[in-house]
Ligand SMILES: [Zn+2]
Ligand SMILES: [Zn+2]
């Protein structure tokens, strides 16, 4: 707490790492690439989960749970899927340890070798579609609208807490439908759910779009996504929703008897968001003093710091504020009274700033006399002295205002950093400066690859709201009918 | 749905398996020993989680998340722990697959061998205490009150859905304290939380007790537990709370600076319940018609089955019941209207009975005329015709009554099946008949082992409320100061 965190302008990456650590969000564990999510960080994730879970249920989904392990052979059943997912993953080969001969430790028992290796799930399409085969016989069994909250493992070589970790937490929805149209509608509906969550809870504006073929989920016909812009000008994919066509139904032979009695393959979707959202949330709003949390997702919305000398004065202040704490709690606002008597107010202010608590109240002896309280908002650092009798109404309005303000600030940042490039020269210059770049592209993976190799920029998506605009590909000059969204990305 | 499930009296084990499957609770997956928890079963587990999570938070605990993988060497650090847990577990040895030479599948890449194997957590004491070492410096960092909801894997050879599976879901609390007394108080507090949950939510009476040395958790100083009696006369351990002493603190070198400045080892506890509770819930109350769920944990508390001929009559009835549905929902009661038009009422009645919905309403054309409704309770099968205007109040009271009744029924069953044995002959006869047997024991593991080998009965616990009673061990005749609780167990 004594040292300030590095400034964003000096070293954005170090700022992020230090912030995650110092705000008690998460840390690297002794297991390479696996993180420990600390209680304060997990409390934010729990808030995210609760909101999303409610949204999934409102749209008719139920939760279920499928096995952690996938038989190796399952991965090979869908040709594209195995290319995308079978490579970097944790492989279980044995099921027993035994004492080592020197009796000082344990070793793998060579006799306990599995006949078929098991893969720790990197995503669950294969194990779920092999299960759906038994759940689906007729159109009456459809749609099947299931979600799972789970841990998954992808053996990433370069890891970064929340953004890219070997193990992460996520939800994965897996649905099955009678028609193509219904499955596409589901895919789009879940994209809207994610966009709604990102914008109205995380206060993070997103671009909704479709991935190009080369960025598509392995096994999908179409991958929809939401893309957000971080403060360093890099894009972050915050959620994806995949229309799977009949690919997994064919790979796992999942058919249903239609109303006319004919057997048809089922249409599928899958969609997911992960603890990566924690990284997005941190990077979207936080500043050089620490976290800035949107009130909707803040585990502590209001912190009260009493300013006192001696135990008696502390007690007097605590007695005085208790009714306001009760009233705030009754209004559904989470409040923490920081009555630690070993730390000075300035230290506490800095700590709660670091942890991103949206509103801080300071209560001193003079406030007792004047029936006032000092209210500070985290996002702008503005302070105001308020009549204590009006503080509950004031805070309610303030929390809403903060939620709106940080969204608007992030939106303004994105708008200022979304630019159009008319030539490849201009494109390279803009990409180097950071931000989203809208440019014409000829629609080929070849061009996309070349641009990526030369500039490190990828096509984040073809925006759903892209206007029809005839133009020429910045790279090849070939015709293009709309601009796509480029950026360097996390 | 067409066939009835087997009767408990014919084959209890088959009854259980069929019930789990037919009520859509869970099923075995293609991965040996791993289950799929289906949406209806998972909805019950979610209710359990929500209640328990609330209780943990009320007692000051926060959730966090620790890695799925444990370095092999960690398991060896606590001597007893490795004996208990290092043996039957899933071992990750590689981190990559590659295309096979015939290009028809994938094989483990021998070049991607881990330097140190990783164990899929069978329980997380080791990885958590290795983390706590960095979180704890001073008495100000204590108590540390953390819980984790997670999946764990123990490579069981004989598995049974919910009761014993290779992968299962659970919560594991891990706390750290400055004093022995505080850690013991925490251990006992969490035992009370579990007992409260079992009795007041699951409607399942439990005996609170302490495990004997040989049944203790590997690495614990004392293991407290709650034990329930199933309808077949076998005991089921429904939750455990461990006082770990300083064992893990010493194994992972976790010390804190006390107020007097001296460095001392931290005192620990851990406590857990798992999806095993689902098995307990099913076996405690269900009958030959299917599940019987306590209203507190039923995903659907009230089902409404309209009795109709033709679409028009269905519409009339649905319009008529809608205000009551709204009113029930407003009162926090979960209601399902079964308006499927392809199934007959009798079929629906049987299905909701099988699924254990506590209250069923049947609404026919005559009820429209008479302003009545038929109310049936699942636990006793009693039916009653009720004035429709009083139905909401009636249901509220009925749900409470059902919750109480099934608890009382289970308690009565347990009392009738808890008997005292005064000799080994009598003991063997009673154990063969089933149920709990209270008997004197000389306190040695040797005697405990012999009794277990000869009768398959284990000491479930030394009940916390055991009366002082001088007696002689049923096996050796050696002196004993209280009776312990024996049973055959799941
Ligand atoms: Zn995109
Ligand atoms: Zn016991």
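The values are calculated or read from the model by the stated rules, or taken from the named source; none is laboratory data. Note that the coordinates shown come from a computational prediction; the quantities given were computed from them, not determined experimentally. Don't worry about glycine lacking a Cβ; one is built from the backbone with ideal geometry, like all the others, and counts go over all protein chains shown.
For the reader, a short list of remarks on this structure follows.
- Test: residue B:237 is more than 12 Å from ligand 2 (Cβ to nearest atom) and modelled with pLDDT of 95 or more: no
- Exactly one residue out of A:261, A:268, A:233 is touching a helix residue (DSSP H, G or I) at 6+ places or on another chain (Cβ under 9 Å) and assigned to a loop (DSSP other than H, G, I, E, B), and it is A:233.
- Breaking point among (1) surrounded by fewer than 20 Cβ atoms within 10 Å (Cβ to Cβ); (2) in contact with a strand residue (DSSP E or B) (Cβ under 8 Å, 6 or more places away or on another chain), for residue B:200: (2)
- Residues (in contact (Cβ under 8 Å) with a residue 12 or more places away in the chain and more than 23 Å from the chain's Cα centre (by Cα)) located in segment A:382-400: A:385, A:386, A:387, A:388, A:389, A:391, A:392, A:394, A:395, A:396, A:398
- Flag for residue B:248 being more than 16 Å from ligand 1 (Cβ to nearest atom), over 30 Å from residue B:379 (Cα atoms) and assigned to a strand (DSSP E or B): no
- Just one of the numbered conditions (1) surrounded by 16 or more Cβ atoms within 10 Å (Cβ to Cβ); (2) free of Cβ contacts under 8 Å to residues at least 60 places away in the same chain; (3) not assigned by TED's automatic domain parsing to the domain that holds residue A:48 is not true of residue A:135: (3).
- Failed condition for residue A:321, given (1) at pLDDT below 95; (2) in a helix (DSSP H, G or I); (3) surrounded by fewer than 20 Cβ atoms within 10 Å (Cβ to Cβ): (3)
- Considering segment B:218-230, the residues that are part of a strand (DSSP E or B) and more than 15 Å from residue B:269 (Cβ to Cβ) include one that is farthest from ligand 1 (Cβ to nearest atom), namely B:229.
- In segment B:366-384, of all residues being in a loop (DSSP other than H, G, I, E, B), surrounded by fewer than 19 Cβ atoms within 10 Å (Cβ to Cβ) and touching a helix residue (DSSP H, G or I) at 6+ places or on another chain (Cβ under 8 Å), the one that is modelled with the lowest pLDDT corresponds to B:371.
- Among the residues of segment B:71-103, those identified as within 22 Å of residue A:69 (Cβ to Cβ) and free of Cβ contacts under 8 Å to residues at least 24 places away in the same chain are B:87, B:94, B:95, B:96, B:97, B:98, B:99, B:100.
- Options B:23, B:30; residue that is more than 9 Å from every other protein chain (Cβ to nearest Cβ) and either surrounded by 17 or more Cβ atoms within 10 Å (Cβ to Cβ) or without any contact (Cβ under 8 Å) to a residue 24 or more places away in the chain (or both): B:23
- Positions within segment A:138-153 being more than 10 Å from chain B (Cβ to nearest Cβ) and buried (at least 19 other Cβ atoms within 10 Å of the Cβ), in sequence order: A:142, A:143
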